[in-house]
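The values are calculated or read from the model by the stated rules, or taken from the named source; none is laboratory data. Note that this is a predicted model, so its numbers are computed, not measured. FYI the Cβ positions are ideal-geometry reconstructions off the backbone, even for glycines, and counts take in every protein chain you see. Ligands, DNA and RNA are stripped out before the accessible areas are found, and what is left, the full protein with its side chains, is counted by its heavy atoms. Shrake-Rupley method; radii C 1.70, N 1.55, O 1.52, S 1.80 Å.
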Amino acid sequence: MSTFQSVEEAQEYFRGDHFATDNGMRIEEIGDGTSVCSMEISERHRNANHRVMGGAIFTLADFAFAAASNNVHVQTVAQQVSVNFLSGSRGTRLTARAKCRRDGRKTAVYNVDVTDDLGCDIAELVFTGFKL
């Protein structure tokens, strides 16, 4: 039971998520409790040490969570998030893959893994979503 009939429909809905889309993040795939989102790494995503900022990585993961959870439950928001940053990226692209692990009556738990185009594990996150 999906809210969006296609990736294009999800992309159109999330055009309203200006922070993510204005920073180059896009939905690549959408499924039943899953999504894949990506972004090309640019200078705007880097910190003073020329590494990808944790906030950029987190935003990509949050966007993947939003796409996956709102595809199943209209208006689900992050209530609590745990993040482990595993490695800095030396690649040019990041990809976040979200998957629903538990779907409850008012809350849901999603795992989101972020990798780069070189195959490096960048971050792992666990989102607890609250259904509005």
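Going through region 103-114 one residue at a time, which ones are in contact with a strand residue (DSSP E or B) (Cβ under 7 Å, 6 or more places away or on another chain) and either surrounded by fewer than 20 Cβ atoms within 10 Å (Cβ to Cβ) or modelled with pLDDT under 95 (or both)?
LYS106, THR107, VAL109, ASN111, ASP113
Restricting the search to region 108-130, which residues are among the aliphatic types (A, V, I, L, M) and either at positive phi or assigned to a strand (DSSP E or B) (or both)?
Once the filter is applied, which keeps residues that are among the aliphatic types (A, V, I, L, M) and either at positive phi or assigned to a strand (DSSP E or B) (or both), region 108-130 yields ALA108, VAL109, VAL112, VAL114, ILE122, ALA123, LEU125, VAL126.
Can you name the residue in region 79-102 that is in contact (Cβ under 8 Å) with a residue 40 or more places away in the chain and open to solvent by less than 50 Å² (accessible area, probe 1.4 Å) and, of all such residues, is nearest to ALA61 (Cα to Cα)?
ALA96
For region 24-37, does any single residue satisfy the condition of being more than 22 Å from PHE130 (Cβ to Cβ), polar (S, T, N, Q) and either buried (at least 21 other Cβ atoms within 10 Å of the Cβ) or free of Cβ contacts under 8 Å to residues at least 12 places away in the same chain (or both)?
So far as region 24-37 goes, no, none of its residues is more than 22 Å from PHE130 (Cβ to Cβ), polar (S, T, N, Q) and either buried (at least 21 other Cβ atoms within 10 Å of the Cβ) or free of Cβ contacts under 8 Å to residues at least 12 places away in the same chain (or both).
Out of all the residues in region 1-12, which are of a type outside the set (S, T, N, Q), surrounded by fewer than 17 Cβ atoms within 10 Å (Cβ to Cβ) and not in a loop (DSSP other than H, G, I, E, B)?
The answer is GLU8, GLU9, GLU12.
Tell me, please, whether a residue that is over 21 Å from LYS131 (Cα atoms), of a type in the set (Asp, Glu) and either in contact with a strand residue (DSSP E or B) (Cβ under 8 Å, 6 or more places away or on another chain) or surrounded by fewer than 17 Cβ atoms within 10 Å (Cβ to Cβ) (or both) can be found in region 53-71.
So far as region 53-71 goes, no, none of its residues is over 21 Å from LYS131 (Cα atoms), of a type in the set (Asp, Glu) and either in contact with a strand residue (DSSP E or B) (Cβ under 8 Å, 6 or more places away or on another chain) or surrounded by fewer than 17 Cβ atoms within 10 Å (Cβ to Cβ) (or both).
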